[in-house]
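The values are calculated or read from the model by the stated rules, or taken from the named source; none is laboratory data. This one's a predicted model, so the numbers in the text were calculated from it and none came from an experiment. Cβ placement follows ideal geometry from the backbone for every residue including glycine, while neighbour counts extend to all protein chains displayed.
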Amino acid sequence: MVAASALLPRALHPVAWWVWAICLAAAASQTSNPLLLALIFGVLGLVVTARRTDAPWARAFKYYLIMALIVIAIRVVFRSVFGTGITAQDTILFRLPRLDMPDWYAGIQIGGPVSLQATLAATIDGMRLACLLCCIGAANSLANPKRALKVLPGALYELGVAVTVALSVAPQLVESVQRVARARRLRAGKSRGLRALRAIALPVLHDALDRSLRLAAAMDSRGYGRTGTASARSRRLTGTLMLAGMAGLCVGVYGLLDPGTPRAMGLAGFAAGTALSVAGLYVGGRRVSRSRYRPDPWRWPEWTVAGCGLLTAFVFYLGTGYDPATLNPGLYPLQWPTLPLIPAAAILVSATAAFASPPPPAPPRSTPPAQRRSPPAATVQGASK
Amino acid sequence: MIRFDRVSITYEGAPEPVLREVDLDLGEGELCLVVGHTGTGKSTLLGAINGLVPHFTGGTLDGRVTVHGRDTATHPPREFADLVGVVGQDPVAGFVTDTVEEELAYGMEQLALGPAVMRTRVEETLDLLGLADLRHRGLHELSGGQQQRVAIGAALTAHPRVLVLDEPTSALDPVGAEDVLAAITRLVHDLGVTVVMAEHRLERVIPYADRLIWLRGDGSATIGQPAVLLQEATSVPPIVHLGRLAKWNPLPLSVRDARRHAPELRRRLPEQAITAHRQDRTQAGEALAAKDIIVRHGPVVAVAGVGLQLKPGQITALMGRNGSGKSSLLWALQGSGRRDGGAVAVVAADGQHLDPGKVKAAVARRLVGLVPQTASDLLYHDTVDAELAQADRDGATPGTARTVLDRMVPGIAGGDHPRDLSAGQQLALVLAIQLAVTPGVVLLDEPTRGLDYQAKAGLAATLDQLAQAGRAVVVATHDVEFAATVADRVIVMAEGSVIADGPAPTVLTASPAFAPQIAKILSPLPYLTLAQVSAALREEKDDGW
C-alpha cells in the first residue's frame, strides 16, 4: 500500500536528501569515466531544478556550479604549468616557455611541453572533485539547513541551537555595522583606519553583547535547558564514546575509500565507529526531554530517495555484473571511453528522486493554485482581502 | 497569584537597594500597571517575578517572591516557564527561531509537550492574536507591531498564568503599539491571565488597568486604584493633569470619561485660547531651503520630491507612520544620507549658501546637525569627558561641549560611562556633541522613543532653548502630545510625500484621531496644551468668578 498523501507538496526529510547526495558523491569518487561523471552532473541538475524551493539557501546551487568550474580550471592550469611525468607516448599539444630551476630545486619543472593526455587526466580529475562539490551543493539547496539541524539527536541539541542563533545573528550584525558606519559620518569621523575601527567596532560590539544577553534572558525565561542536568560521570562517558566513535569513523571511511587498505579493515572500523557514536548520542540524549513541533515525517518517498542513492553507491562499490575497469578507463592508448551499462543504469535510478519525492511547498505569499483557477469574481474577492 | 513578601533588591556595588521592603499581592486575572520614572526599578520589579532578578542579573534579594506558591529562591527562571510568560521591549532580541510558527512552538518544545497539544495551541494562538496569515513568514520580514504580537503569542502558548510585559510598545510606532495593546487587553478579558506591565504610554493603557503599582523612586512601592493613586503620582498623562486642574472626581482615565465632565469646563473656557500653545520664536529669513528631494532605496521611492523651507527659531514636527520617508528625508537634508535628486541650500555662518551634500562631512555638520534614531551609535569613548573632549577637538574651543551639555541637562558626571546613562541623558550628550560646532539647523530623528514624561519635558525645554538661539529645529516624532507642546509647525508625510504642512494647532486638530488628548476632550474648542487651559482658568479667577 502506498499512501498518495505522502506526495502532497511538502519538504522531504532533510536526512533523505543528504543520504541520497552523499551516496552519489561516494559513487562519483569511485570512477574516472567522464561519461559517468557527466551523467551524475545531469542527475544532480535535474533533481535540483525539479525539487528546490525559492528560499535563499536553495539558490546556492549556482554558486556550487561556479566553484566546480573553477576547480576544473585550476586543476588543468596547474597540470599544464607544472608539467611533470610526460612520457614518450604522450601527444604534445603545445610547448610553454620553460623556466630553468636551480639544481637544488630539481624535480619540479615549470613550463615545458603540454600533452593531451595530461590535460585530459587533469580535466577528468577536476570533474570528479567538482562532482563531489556539486553533490554537497545539491544537498544544501534541496534540504533546509535549519530543518536539517532539527533532526540532530538530543545530545547535539545545544550545538544545533547555537548554529541557528548564529545564523540569525549574522544579518543583524551586518545591519548594525552599516547603521553605525553611517552615523559616524554625522561626527565627520574618518571611515578608514584604526581609529575608525574603534569607533565602529565599539558600538557594534556593544549592540551585539546587549542583544545576546537579552536573548539569553529570554531563552532562560522560556524554559531553555529545563532538564539539562547531566551528572559528571555521564558527561565523561558521553565524551569518551563520542571521541572513540569519531576516530573509528575516520579510520573506517579512509579504509573504505582508499583502495590500498584492506576492505575488511575499513568495514570493521566503520561499523565500530558507528556503533560507538550511536551509543554516545544515546547516552547523551537520555538526559534531554524535549518535544519537537511538526517533525518532518519519514514516509515512503524518503525511503525511495535514500534507497536510490544507496543502490547507486552499492553498484559502484561492489563492481559485480560489469567490468570494473570501465569505471576507470586508461588514457594510454587514447580512446573514447565506453559507457558501462549497469553503473549508468544505477545513476539513472538515482534520478527517480526527482519524481519520487513530493514537490516543495508553495511559497507562502503566492496564491494557492486552487484559487487561481477559480472564476474571476472569486479572484477579485481574494485580491481585495 | 503573585506575592512579594518584604522584598528588597540590591544590585552588586550599589549603595542603596532599588526596591525596599516591597509587599504585593496580585490576584488572578488582574491587569496591573507599574508606573514610575526611568530608573526607579520598574524592570527590576518585573524581572523579580520569574526570578530573572537576581538569578540572571546578579544582586541580592531579601524577602520572598512566590508565584502560584512557587518560590523564586528555590527555582531558577526556566522552571517558571509554564507559569510566567515574559515579553521584553525589543521583540527581535528574544527570538530564537526564524519563522512565526516555530517561534510560537519553541516554548512548548522546551516544556516537552505532546505534538497534538502543540499543534492545537499554535492554531489557537494564531487566531487569538490575528497572526494566521503570517504563520509561515520569516520573523524578520514582519513589522514591529507584528513581531511584538508574535513575542506575546510565543509566551502564551505555554499557557502561563501570568504575563509580564516590560514596556512592550516602546520600540513601536503608534499603529503597532495600538495593535499590541489591543491584543493585551483582549487577552486579559478573554483568558483571565494576570498581566503585570510597565509602559510609558500611560494614556493608552490606564483605562484598562485594575490597579497601579507606583514606584516613587526611593525604593518604596505603593499599590492602589488608578483613579486614587494618580491624584498624586508625578509621571502622568495630560488627561490626568487636566482632571486634577479641573478638580474632577473621580479622576477620568479615558477620553470618554473626561468628555462626560467636559461640557462644564468648556462653558468656563473662552472661545479662543488666550495664550498660544507655545511661544513662537520664529525669526525672519531662511535657514534651509530644499527643493524636490528624491531618495530611493533600491526599487522603493522613500522620498518623492519634497520641497521644504525652514526658518531660524522655528520648531517643526515631522510626523507620519513608519516607512513614510521621515528618516530618509532628514538624512538627505543633512547630506550624509542618500539623495537621488533635488537640491539643498543652507545658510552658513558667513552668509554663504552651501549644499551639505556637496561639501565635506566636517563642513556639513557645521551646517546641519543630525541626531539619529539610535543616538548611542555616535558614542564610542569610555567616559562622558572623553566624548566631550572629542567633540571639542572636532572643531570647537575646549569646554564648549560641556557648557552646552550643562545648559541642557546639568550634573552628568564626567567619569560615567556613556552607555550607563539613561536614555534622556544619552540623548542630551549626543545633542551636545552635535551642537558643539553650532549648526544653524538641528534635526532629531525620533528622539522621544523610550523617554518618560519627565525626560520629554526636559527635551522640550532644550528644543525651546535652541529655537531661542535662532536655530531651525526639525523633530521627527510619532508622539502627538510631544508635538503639541514643542512644535510651531507640523508636517505630515505619507508614502514619501508631504500631505499636510501648516501651523501646529491647525494640523494637529484637523483630524480627531491624531489630535492630542486635551484637544480631543475640549473639541470643538481649539485648545492644545494644559498650559493654555490653566492660563485661561487663572484669568477667570482673576476676574473674580
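Tabulated values for the structure
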item	result
Region B:400-426 - residue that is assigned to a helix (DSSP H, G or I) and of a type in the set (Gly, Ala, Ser) and, of those, nearest to residue B:460 (Cα to Cα)	B:424
Filter result (surrounded by fewer than 22 Cβ atoms within 10 Å (Cβ to Cβ) and assigned to a strand (DSSP E or B)) within region B:5-30	B:5, B:6, B:8, B:10, B:20, B:21, B:23, B:24, B:25
When residues of region A:281-295 are limited to those that are surrounded by 16 or more Cβ atoms within 10 Å (Cβ to Cβ) and at pLDDT below 85, the one farthest from residue B:103 (Cα to Cα)	A:283
Failed item, numbered, when residue B:36 is tested on (1) surrounded by fewer than 20 Cβ atoms within 10 Å (Cβ to Cβ); (2) more than 8 Å from chain A (Cβ to nearest Cβ); (3) of a type outside the set (A, V, I, L, M, F, W, C)	(1)
Qualifying residue in region B:470-488 (condition: surrounded by fewer than 23 Cβ atoms within 10 Å (Cβ to Cβ) and over 27 Å from residue B:40 (Cα atoms))	yes
Residues of region B:98-128 satisfying the condition of being more than 15 Å from residue B:160 (Cα to Cα), within 32 Å of the chain's Cα centre (by Cα) and within 7 Å of chain A (Cβ to nearest Cβ)	B:98, B:102
Count of residues meeting criterion [facing chain A (nearest Cβ under 10 Å) and crowded, with 18+ Cβ neighbours inside 10 Å] in region B:329-345	5
Residue in region A:180-187 that is at the interface with chain B (Cβ under 10 Å from one of its Cβ atoms), of a type outside the set (Lys, Arg) and in contact with a Lys or Arg (Cβ under 6 Å, 6 or more places away or on another chain) present	no
Sole exception among (1) in contact with a helix residue (DSSP H, G or I) (Cβ under 6 Å, 6 or more places away or on another chain); (2) of a type in the set (A, V, I, L, M); (3) assigned to a loop (DSSP other than H, G, I, E, B); (4) more than 30 Å from residue A:285 (Cα to Cα) for residue A:152, by number	(4)
Residue list for region B:72-97, filter: more than 16 Å from residue A:223 (Cα to Cα) and either surrounded by fewer than 16 Cβ atoms within 10 Å (Cβ to Cβ) or away from chain A (no Cβ under 12 Å) (or both)	B:73
Condition met for residue A:60 (of a type in the set (A, V, I, L, M), touching a residue at least 40 places away in the same chain (Cβ under 8 Å) and part of a helix (DSSP H, G or I))	yes
Qualifying position, being assigned by TED's automatic domain parsing to the domain that holds residue B:86, more than 18 Å from residue B:87 (Cα to Cα) and either hydroxyl-bearing (Ser, Thr, Tyr) or outside any strand (DSSP E or B) (or both), among B:58, B:47	B:58
Residue A:138 being more than 14 Å from every other protein chain (Cβ to nearest Cβ), farther than 28 Å from residue A:279 by Cα and surrounded by 16 or more Cβ atoms within 10 Å (Cβ to Cβ)	yes
Residue check, residue B:333 closer than 25 Å to residue B:514 by Cβ and in contact with a strand residue (DSSP E or B) (Cβ under 8 Å, 6 or more places away or on another chain)	yes
Residue within region A:328-338 that is part of a helix (DSSP H, G or I), out of contact with any Ser or Thr (no Cβ under 8 Å at 6 or more places or on another chain) and surrounded by fewer than 17 Cβ atoms within 10 Å (Cβ to Cβ) present	no
Residue within region B:136-147 that is more than 12 Å from chain A (Cβ to nearest Cβ) and in contact (Cβ under 8 Å) with a residue 60 or more places away in the chain present	yes
Residue among A:194, A:241 that is in a helix (DSSP H, G or I), crowded, with 20+ Cβ neighbours inside 10 Å and more than 12 Å from chain B (Cβ to nearest Cβ)	A:241
Residue list for region B:148-177, restricted to those being under 17 Å from the mean Cα position of the chain (by Cα) and free of Cβ contacts under 8 Å to residues at least 60 places away in the same chain	B:169, B:172, B:177
Matching residues in region B:157-169 - criterion: being over 15 Å from residue B:181 (Cα atoms) and either touching a helix residue (DSSP H, G or I) at 6+ places or on another chain (Cβ under 6 Å) or within 12 Å of chain A (Cβ to nearest Cβ) (or both)	B:157, B:158, B:160, B:162
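Here is a yes/no grid of residues against (1) without any contact (Cβ under 8 Å) to a residue 24 or more places away in the chain; (2) basic (Lys, Arg):
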residue	(1), (2)
B:260	yes, yes
B:268	no, yes
B:286	no, no
B:291	no, yes
B:296	no, yes
B:311	no, yes
B:318	no, no
B:331	no, no
B:345	no, no
